[in-house]
Amino acid sequence: MALRLRPVQSRDHEPTSYENALADELEAIFGTGVHDLPGLVAALNETGLRPADGADWTAESFAAEMARLGEKEHVPFPAEPTGPAGERTARKGGGRHPSGNAALDTADGLVRLGLRDRWYALCRSEEVRRGQLTRLERAGEELLLWRDAAGTVHVQEDRCPHRGARLSRGVHMGDRIACEYHGVQVDADGVVVSVPGSPGCALEGRRSLRTFPAVEHADAVFAWFGDPEGGEPAPFVLPEGIGGEWDQFLAYVEWDAPWVYSLDNLMDPMHGAFLHRKSHTMAGGKREAVFQIRDTDTGFVFEKTDQAGVNFDWSEWIDTAMQWVRLEIPYPATAGPGGPFRIVCTATPINENQHAAFFWRCRKVQGWERDVWRFLYKTRLEERHWAVLEQDRRMEEAMPLDAWDRENLYQHDLALVRLRRLLRNEARKQIRAREERAPAPASEPAAPAGTAVRA
């Protein structure tokens, strides 16, 4: 299966020889402990490397060059999605959930496919192009994404309300989509605005297509997966680390493993000292630790009691009607001024055995320090970060689907136990609430073998 594995997502070209040379010199200077602008400029002038005009570097010319080299680039993804798609997943009919996916009618299914009444990240913004129709499978739902003439993104069920044909195979008509099968036209609100084959029929004017509230932030598209009859979406809240005084790059991946494996991995700081021991950020610190859980208003922090700011020493679970993990890892001196870098992450199930993950690599920097970090990230740091992600991917994809059934947990796994219990309890609560609104059959379908979930 072709997965979306793109190690460099921050630039649209390979670094030039000049950019490579400049990045090498900056890392070497920063590595000596020089992090102030006057000292940096003086040291750079001693190297003999000059800007395009051949003049000596000044604080002003250096800041201007970093602003140019660190600016955001348009980095297009392939026109056709290369990651997992609904084409490869059999339809699961017969469920009570509006999607028809019977797994969403069980607590186990909600854990495997994602709780309802939550925001989920769907894809990078640039994957939804004007004038095109984008089909995705996320959290057990088959989705159509498109932009109207104003550029606003819309997320709807990929299913024509007439006969169930896929609207993603239809025609983009600016402010509406026309199904290719019989020409039925549906607008951004899910209202059937035209039935060319039978004008004036009862289907016209009816809101018949499930439409998901959607927003765009930090280069990604998000949608609200509400429980049936669950009311209005909760406010969308970005965690600290994205926006404001923080600058960030988004790294996007699709992995051939259940999404809960990534949640476990992110809430397991101890693996950094083993799996990532040879990385540029996690080579230091002890390989043993005692952890504690500290509750917060939006979740909890899992942290080492005897080490901080040395390795991957803590991670935080955040649930603000969108589920995030936040963690922080120190940078070596070669990364320049700005302190550690923070990762804000979220994962979204694609189906029961695949997921998409979003990693915002963040640093609290402004001015010339921000531009230097962006330049070094694009030329050096992103590929090093990717090597760490690849270690995680290989580990998760190699784990058996029944790993939870045969594990033996110890003190370092307290966060996993807490998180799984939270997910399981919320899933049961949502199923009970749904059953109270509409009585369900007496027994739930059994979970597929090898995918059982326990707290």
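Report in % the part of the accessible area of the range 1-72 that belongs to carbon and sulfur, leaving out ligands and nucleic acids; probe 1.4 Å. Numbers along the way, then the final one.
Values: 2000 of 3670 Å².
On the range 1-72, the fraction of accessible area on carbon and sulfur atoms equals 55 percent.
Accessible surface for the chain, divided over its residues, is 42 Å² per residue with a 1.4 Å probe.
So if R0 is 30 Å, what FRET efficiency would Ala64 and Glu240 give, r being the distance between their Cβ atoms, rounded to the nearest 0.05? With R0 = 30 Å, the Cβ-Cβ based efficiency is 0.50. In the chain, helices alone account for a calculated mean residue ellipticity at 222 nm of -7000 deg cm²/dmol, with every DSSP H run of four or more residues adding -39,500 (n - 2.57).
Taking every alpha-carbon pair under 8 Å whose residues sit at least 6 apart, the range 233-301 reaches a relative contact order of 14 percent. Dimensions of the range 370-414 along the principal axes, based on C-alpha atoms and rounded to the nearest Å, stand at 47, 23, 10, largest first.
Accessible area of the range 317-410 with a 1.4 Å probe: how many percent of it is carbon plus sulfur? In the range 317-410, the share of accessible area belonging to carbon and sulfur is 50 percent. When the P(r) is computed for the range 1-78, the part past 22 Å accounts for 35% of the Cα-Cα pairs.
Remind me, relative contact order of the chain in percent, using alpha carbon pairs under 8 angstrom and six or more residues apart?
Details: 847 pairs, mean separation 84.4, N = 455.
Relative contact order comes out at 19 percent.
Taking a ≥ b ≥ c as the square roots of the eigenvalues of the alpha carbon gyration tensor, the range 240-357 is rounded, as a/c is under 1.5. Taking a point 7 Å from the Cα of Asp36 along the Cα-to-Cβ direction, the residues of the range 361-396 with backbone N closer than 16 Å to it are 369.
With a Förster radius of 30 Å applied to the C-beta separation of Val75 and Asn408, the computed FRET efficiency comes to 0.10. Taking other residues whose beta carbon is less than 11 angstrom from the beta carbon of Arg326, and scoring Lys, Arg as +1 and Asp, Glu as -1, yields -2.
Cβ screening of the chain for cysteine pairs under 4.7 Å finds these without a partner: Cys123, Cys201, Cys345, Cys362.
With a ≥ b ≥ c the root eigenvalues of the C-alpha gyration tensor of the range 111-171, is it rounded (a/c under 1.5), prolate (a/b larger than b/c) or oblate? Spell out each step's value before the answer.
Details: a/c = 2.25, a/b = 1.23, b/c = 1.82.
Cα axes put the range 111-171 in the oblate bin.
Could you compute the FRET efficiency for Leu203 and Arg384, with r as their C-beta to C-beta distance and R0 at 45 Å, rounded to 0.05?
Details: r = 55 Å, r/R0 = 1.23.
Efficiency, rounded to the nearest 0.05: 0.25.
Annotation for Asp117 and Ala321: the two label points, set 7 Å from Cα along the Cα-Cβ direction, are 1.0 nm apart. Restricting attention to the chain, lysine pairs at least eight places apart or on different chains and with alpha-carbon atoms under 29 angstrom apart total 11. With N as its number of residues, the chain has a Cα radius of gyration that, divided by 2.2 N^0.38 Å, comes to 1.08.
The values are calculated or read from the model by the stated rules, or taken from the named source; none is laboratory data. A quick note: this is a predicted structure, and the numbers were derived from the prediction, not measured. When we count neighbours, we look across all protein chains shown, and the Cβ atoms used for this are built from the backbone with ideal geometry, even at glycine. We work out accessible area using only protein heavy atoms, side chains counted, and drop any ligands, DNA or RNA first. Shrake-Rupley method; radii C 1.70, N 1.55, O 1.52, S 1.80 Å.
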